[in-house]
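Contents: one structure, followed by commentary.
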Amino acid sequence: MDWVFLSELAINGVLTGLLYSLFAIGLVLIYKASSVPNLAQGGLTMVGAYVVLALARDVGLPLWLAIPLAAVVMFGLGFGIERVALRRLAGRPVVMILMLTLGLDIFLRGTTLAIWGGTSRSMELGVSYDPLFLGDIFISRIHLVGAGVALALFVAFMLFFRTRTGIKLRAIADDYMASWSVGISVERGVGLSWALASVVAVAAGVIWGEIQGVDQALSLLLLKGLTVAVLGGLDSILGAVIAGIILGVVENVGADFLDPLVGGGSRELIVAAVLILTVMIRPHGLFGRHDIERV
Amino acid sequence: MQEKVEAQNILSMNSVEVLYDNVILAIKGVSVQVPKGEMIALLGSNGAGKSTTLKAISGLLKAERGRISRGEITFQGTDITEAPAQKRVEMGICHVIEGRRVFEHLTPDENLTAAAPRGMSRSTLNAEKDKIYAYFPRLVERKNSQAGYLSGGEQQMLAIGRALVTQPKLLMLDEPSLGLAPFLVEEIFGILQKINKDEGLSVLLVEQNALAALEIVSQGYLIENGRVVMHGTAEALKSNSDIQEFYLGGGETDFHNVKHYSRRKRWLS
Ligand SMILES: Nc1ncnc2c1ncn2[C@@H]1O[C@H](COP(=O)(O)OP(=O)(O)OP(=O)(O)O)[C@@H](O)[C@H]1O
Ligand SMILES: [Mg+2]
């Protein structure tokens with residue numbers, strides 16, 4: 001057994017996993033407020049990346065300015081989605097809101113395709129592709145940066161949920177009716193969650209856009225992101241981080257063992273197995289609350 | 001004369017009719033007055049329309065696809081019939097909803113924080129919290145545990161405390177005694193009375209436990225089938241033979257009602 005190689009697989013699995021977490025944090029934020037997995041999070045991530053590119057390439061701003069500006073734009077978009085679409089669905093069955101997010105995803109994909117076309121564009125963050133060696137272990141720099149961003153967002157949200165506004169958001173996640181009864185604006189809270197999730201989408205879009213290019217395929221991150229969110233418990237940010245790491249490692253190490261046996265493609269199978277097994281064996285995930293249904 | 005009466009009432013509800021889903025007529029012309037600084041009870045059995053009356057006043061009807069189709073509600077002389085729920089809380093109406101719905105995954109302390117009005121300074125909030133903990137000393141030692149694990153009595157105290165953070169002038173409570181042991185009901189009602197005395201807080205109390213309620217209020221209304229069928233001072237109601245038979249009786253029939261009631265509750269909540 002080659003321990004160096006195995007550690008390399010594991011460490012890169014952790015880093016890749018944290019990039020899944022980066023995506024999944026957005027899902028968790030919306031799940032907390034709206035009780036639905038946001039099927040449009042992939043679309044939002046892609047739009048986030050395109051907005052950064054539009055500001056950087058088409059407008060010509062430097063990236064350090066384009067990225068925060070895109071975050072502001074997407075923050076507004078998140079609020080807008082609540083205002084225009086979600087508010088009308090208040091009190092309707094949750095499955096309707098789920099369908100709405102699906103429709104939104106299709107809409108976002110169609111819009112980006114119409115505006116920016118189908119050819120892949122590169123993010124060009126300027127992160128070096130020179131290998132980084134930790135002893136004998138090779139590490140990708142952009143993955144390291146992305147993992148750092150994921151952890152930074154994790155810490156930021158943990159702190160945010162201790163502030164008064166954060167506590168009100170958690171109250172909304174617990175009980176809409178009780179929130180209204182003490183004058184909490186549930187609508188604004190839900191809007192804020194969508195806005196924050198859209199900002200997370202910019203971060204995920206930039207990192208993943210750098211790794212795999214900016215095109216329609218970015219929206220497919222939803223599948224792995226959902227798997228991570230479900231494994232983590234859907235409403236737990238800590239869960240999303242830990243589940244991301246688990247999925248990344250299992251996928252990376254597992255594929256190395258399985259690929260020679262099944263002749264490739266085992267990554268997808270591993271992800272599918274994790275999702276299906278989680279739902280069957282531990283439907284509330286690793287850190288999920290147990291009373292997640294709400295009227 | 002009429003105007004003078006109006007001025008003394010902090011809340012005045014006149015011939016209010018409520019429709020759910022545009023078809024279900026839940027209350028049919030209910031009129032209720034709450035004199036400033038007094039405690040008033042709203043009594044009645046299952047499905048009489050007590051909760052609907054409170055939701056009409058707090059504006060929470062909208063969340064259940066209900067609306068006021070006739071009549072009007074004024075609070076401190078202002079027409080609030082169409083005002084959004086949030087506005088009404090800002091004006092000083094707070095509704096402790098049925099079933100002590102505390103924020104289960106928050107701590108009691110966070111439950112109080114969550115209810116802080118926008119713009120309330122940290123020091124005011126802390127002062128409010130101190131006051132609430134003084135009224136409900138049982139909450140103090142549990143204030144940093146998860147609210148979902150508090151006992152029923154503690155949760156009801158927390159739900160009331162949470163409402164007090166909004167600094168209400170009119171506090172409305174929907175069956176706070178439900179499912180609580182008699183000594184707890186007595187304790188909670190005693191605290192309500194104290195708050196009412198100390199702060200001049202007006203209280204509208206919905207209860208099926210008429211016996212306990214009539215001990216602390218000055219007047220009561222009896223609702224049946226969406227209509228007020230009786231209104232009088234607590235003393236008059238206590239000595240009324242109908243009330244005695246149906247609501248103060250105790251004994252077997254009452255016990256069955258209670259059981260049936262708690263079962264139905266689960267479906268509704
Ligand atoms: N959200 C709703 N949609 C439709 N009908 C409703 C709704 N809420 C209440 N009703 C109906 O309105 C009537 C009054 O209900 P309400 O909840 O006000 O009674 P209540 O006096 O509070 O009863 P309980 O003691 O059981 O709480 C009932 O017939 C009930 O079925
Ligand atoms: Mg009721």
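The values are calculated or read from the model by the stated rules, or taken from the named source; none is laboratory data. Computed from a prediction, not measured in an experiment: that's the story for all the values here. Using ideal geometry, Cβ is built from the backbone for each residue, glycine included, and neighbour counts are taken over all protein chains shown. Side chains included, ligands, DNA and RNA excluded: accessible areas come from the protein's heavy atoms. Shrake-Rupley method; radii C 1.70, N 1.55, O 1.52, S 1.80 Å.
Cα centroid separation, the stretch B:57-76 to the stretch A:113-134: 55 Å. Between A:115, A:246, A:137, the Gaussian network model of chain A with springs among Cα atoms under 10 angstrom shows the greatest mean-square fluctuation at A:115. Subtracting the Cα-Cα distance of residue B:130 and residue B:31 from 0.36 nm times their residue separation leaves 32.0 nm of extension gain.
Compute the signed sum of charges (Lys and Arg +1, Asp and Glu -1) over the other residues within less than 14 Å, Cβ to Cβ, of residue A:41.
On the way: positive: A:32, A:109, A:224; negative: A:105.
Spelling it out: positives minus negatives among the neighbours equals +2.
Scaled against 2.2 N^0.38 Å for its residue count N, the alpha carbon radius of gyration of the stretch A:130-242 is 1.30. In summary, the helical segments of chain A meeting the span-like criteria, namely a full DSSP H run, a Cα extent along the axis of 27 angstrom or more and a mean Kyte-Doolittle hydropathy of at least 0.0, are A:3-34, A:63-84, A:94-116, A:141-160, A:186-212, A:237-262.
Shape index of chain A: Rg/Rh, with Rg the Cα radius of gyration and Rh the Kirkwood radius from the inverse mean 1/r over Cα pairs, equals 0.97.
When the accessible areas of A alone and B alone are added and the area of the pair subtracted, with a 1.4 Å probe, the result is around 2200 Å², both sides summed.
Rg ratio for the stretch B:88-207: its Cα radius of gyration over 2.2 N^0.38 Å, N being its residue count, equals 0.97.
For the stretch B:2-235, the number of Lys pairs with C-alpha atoms closer than 13 Å, counting only pairs eight or more positions apart or on separate chains, is 7. Take chain A, mark every one of the GluC sites (Glu not before Pro) that falls in a DSSP loop and has at most 14 other Cβ within 10 Å, then report the longest stretch left between them, sites excluded. Answer - A:125-292.
Test of the criteria: in the stretch A:223-295, which trypsin sites (Lys or Arg not before Pro) are in a DSSP loop and have at most 15 other Cβ atoms within 10 angstrom of their Cβ? Could you put the intermediate results ahead of the total?
On the way: sites: A:224, A:267, A:289, A:294; in loops: A:289, A:294.
Here the sparse-neighbourhood loop sites are A:294.
Using a 1.4 Å probe on the heavy atoms of the protein chains only, list every residue of the stretch A:151-179 that has 10 Å² or more less accessible area in the complete assembly than in its chain alone. Buried by 10 Å² or more upon assembly, which counts only protein chains, are A:162, A:164, A:167, A:168, A:170, A:171, A:174, A:175, A:177, A:178. Apply the a/c threshold of 1.5 to the C-alpha gyration tensor of the stretch B:1-84 and tell me whether it is rounded, prolate or oblate. Here the stretch B:1-84 falls in the prolate category. Enclosing the Cα atoms of the stretch A:1-116 in their convex hull gives a volume equal to 150 cubic angstrom per residue. Each principal axis of the Cα cloud of the stretch B:6-45 was taken in turn, and the coordinate range along them, longest first, works out to 36, 24, 12 Å. Altogether, the Stokes-Einstein calculation at 25 °C and 0.890 mPa s, with the Kirkwood radius of the protein assembly as shown over Cα pairs as Rh, returns a diffusion coefficient of 94 µm²/s. Once you reduce the stretch B:121-146 and the stretch A:47-106 to the center of their Cα atoms, the two points are 39 Å from each other.
Set the Cα radius of gyration of the stretch B:2-235 against 2.2 N^0.38 Å, with N its number of residues, and you get 0.97.
Under a GNM of chain A (C-alpha, springs under 10 Å), which listed residue has the highest mean-square fluctuation: A:285, A:135, A:80? For chain A, modelled as a Gaussian network with Cα springs under 10 Å, the answer is A:135.
Here is the list for the stretch B:60-95: GluC sites (Glu not before Pro) lying in DSSP coil, each with at most 14 other C-beta atoms within 10 angstrom of its C-beta, are B:82.
Just add up the charged neighbours of residue B:49: K/R +1, D/E -1, any other residue whose Cβ is under 9 Å from the Cβ of residue B:49. Working shown, then result.
Working: positive: B:28, B:50, B:227; negative: B:224.
Result for the neighbourhood of residue B:49: +2.
When both the stretch A:140-187 and the stretch A:234-256 are represented by their alpha-carbon centers, they are found 20 Å apart. For the segment B:111-119, counting C-beta atoms of other chains within 10 Å of every residue's C-beta and taking the mean gives 6.
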